[in-house]
Amino acid sequence: MAGKRHGSECSGPPRPVPHSRARHSATLPGAMTAVSPTPDQTPSPRPASGERVLCAMSGGVDSSVTASLLKEQGYQVIGAMMRFWPDDKRVDTFDSCCSPDAAYEARRVAEQVGVPFYLLDYREQFQRHIVGPFLDEYARGRTPNPCVNCNTKVKFDELVKKAKMLGCRYVATGHYVKRVENAQGEVEFWRGDDPRKDQTYFLWGTPRDALPYILFPVGELEKPRVREIAAERGLLTAQKPESQNICFVPGKVQDFVAEHLPASQGFIREIATGEVVGEHLGTQFYTLGQKKGLGLYQSHRVRHVVHLDPATDTVWVGDYEDCLWTGLKATNANYLLDLSELPAELEVQVRYRTAPVKARVLRADEQGFELEFAEPQFAVAPGQSAVLYAGPRLLGGGLIADHARELPALT
């Protein structure tokens with residue numbers, strides 16, 4: 001069975017503690033002074049407010065330090081973890097970040113920090129918004145990123161609602177994102193100071209009206225310093241390894257997909273000629289740009305997956321050049337600024353672990369947008385996110401739907 005790539009890598013600021021590597025000192029809101037939108041400027045400190053805050057805890061080091069820093073700054077912290085695992089699943093079905101063991105560790109950290117802890121039941125929402133759409137996207141020949149959906153439709157949307165019910169002013173998480181207040185008093189999300197850990201990519205879908213209520217205490221810290229803080233405070237998660245997998249997929253993605261989606265045999269065709277060059281057991285086991293595990297008849301020639309067509313059970317392959325996109329069309333757009341303020345030229349990031357590229361906005365409305373890249377991009381995968389930036393500032397994003405050009409054999 002062919003290998004399947006996916007969009008995972010799931011994994012703002014309080015006053016940095018002594019020895020912090022953040023460039024400037026900053027506190028939590030209403031703790032932000034106005035800043036001009038320059039990449040090297042960060043918020044200035046003001047006294048902690050003592051407001052009540054709901055802190056999302058996962059049993060990992062980032063959320064543990066988040067809770068600890070908030071408590072030290074005088075916030076009334078309530079720790080909470082969202083339960084996603086269903087009763088009819090083995091305890092090892094979920095990855096460490098969302099497992100029953102993680103909930104136990106989160107509760108123990110809350111005890112260490114001295115804050116109350118609650119386990120919130122979001123099983124139904126997780127199945128409806130995350131697991132179901134994850135499989136639906138593969139069935140459609142797309143490559144989903146469940147971590148984006150989880151942050152957008154479950155974590156922030158639901159946690160902000162829960163926070164208001166509990167009388168909390170804010171929600172705080174351990175994301176490596178900076179919360180910045182601009183000269184007009186509006187909250188913006190900026191890239192975290194640790195470029196290796198920046199997680200703004202996953203937050204483009206955050207409801208704009210939720211931004212003022214979200215805090216990121218580790219956004220101006222680098223990961224090694226976060227572990228140091230945890231060790232200095234004796235937190236049991238100080239050396240806990242990071243999770244790198246999709247939390248609800250216990251093993252390989254292709255095995256999970258095979259378990260839930262029926263095999264559908266079809267042909268692999270050459271994009272330039274339409275010639276049959278191989279067979280496959282399902283378009284759901286492939287992703288754009290893939291070159292390994294294709295099992296082609298002429299295996300001496302390197303070819304890449306160019307297009308997936310589940311309707312005809314066809315996998316189209318071609319040369320490297322056939323995988324180059326000059327632009328993209330995106331749907332399900334969400335903007336973190338007024339649409340009229342969206343710059344005509346910006347940067348777009350189409351994968352979590354790749355650098356953003358310059359692009360020109362051809363069209364943008366509430367439903368979606370079209371972009372033209374300054375340079376062609378390889379194997380931009382439908383179902384993944386096109387995330388928009390102006391320097392370090394997150395502007396929004398959308399789901400990649402299609403090329404900004406037509407493929408020769410598919411017109």
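The values are calculated or read from the model by the stated rules, or taken from the named source; none is laboratory data. These numbers were taken from a predicted model, which means no experiment stands behind them. All Cβ positions, glycine included, derive from the backbone under ideal geometry; neighbour counts span all protein chains shown.
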> How about the stretch 307-329: which of its residues are in a strand (DSSP E or B) and among the acidic types (Asp, Glu)?
Replying inline: Asp309
>> Going through Ser36, Ser58 one at a time, which residue ends up being among the hydroxyl-bearing types (Ser, Thr, Tyr), surrounded by fewer than 16 Cβ atoms within 10 Å (Cβ to Cβ), touching a strand residue (DSSP E or B) at 6+ places or on another chain (Cβ under 9 Å) and modelled with pLDDT under 95?
In response: Ser36
> Quick check, is Gly289 among the small types (Gly, Ala, Ser), modelled with pLDDT of 90 or more, in a loop (DSSP other than H, G, I, E, B) and under 21 Å from Ala379 (Cβ atoms)?
Replying inline: yes
>> Take Arg142 and tell me if it is on the phi < 0 side of the Ramachandran plot, crowded, with 19+ Cβ neighbours inside 10 Å and in a strand (DSSP E or B).
In response: no
>> So the check is Cβ under 6 Å with 6+ separation or different chains; which pairs have a first residue in the stretch 387-404 that's over 19 Å from Asn145 (Cα atoms) and a second one that's among the small types (Gly, Ala, Ser) and assigned to a strand (DSSP E or B)?
In response: Ala404/Gly327
> For residues in the stretch 105-139 being part of a helix (DSSP H, G or I) and aliphatic (A, V, I, L, M), which is nearest to the chain's Cα centre (by Cα)?
Replying inline: Ile130
>> Only one of Ala344, Ala359, Ala333, Ala311 is out of contact with any Cys (no Cβ under 7 Å at 6 or more places or on another chain), loosely packed, with under 15 Cβ neighbours inside 10 Å and closer than 30 Å to Glu186 by Cβ. Can you tell me which?
In response: Ala344
> Of all the residues that make up the stretch 340-372, how many are of a type outside the set (Gly, Ala, Ser) and either in a loop (DSSP other than H, G, I, E, B) or more than 22 Å from the chain's Cα centre (by Cα) (or both)?
Replying inline: 18
>> Between a residue in the stretch 224-240 that is surrounded by 14 or more Cβ atoms within 10 Å (Cβ to Cβ) and part of a helix (DSSP H, G or I) and any residue that is at pLDDT 95 or above and acidic (Asp, Glu), which pairs come within a Cβ distance under 8 Å, given they are 6 or more apart or on different chains?
In response: Val226/Asp62
> Hey, Thr273 hits all of (1) surrounded by fewer than 20 Cβ atoms within 10 Å (Cβ to Cβ); (2) assigned by TED's automatic domain parsing to the domain that holds Ala103; (3) modelled with pLDDT under 95; (4) not small (Gly, Ala, Ser) but one; which does it fall short on?
Replying inline: (2)
>> Tell me yes or no: at least one residue of the stretch 203-220 is in a loop (DSSP other than H, G, I, E, B) and modelled with pLDDT under 90.
In response: no
>> Every residue in the stretch 244-264 that is exposed (fewer than 13 other Cβ atoms within 10 Å of the Cβ) and farther than 13 Å from Gly282 by Cα, please.
In response: Gln244, Gly251
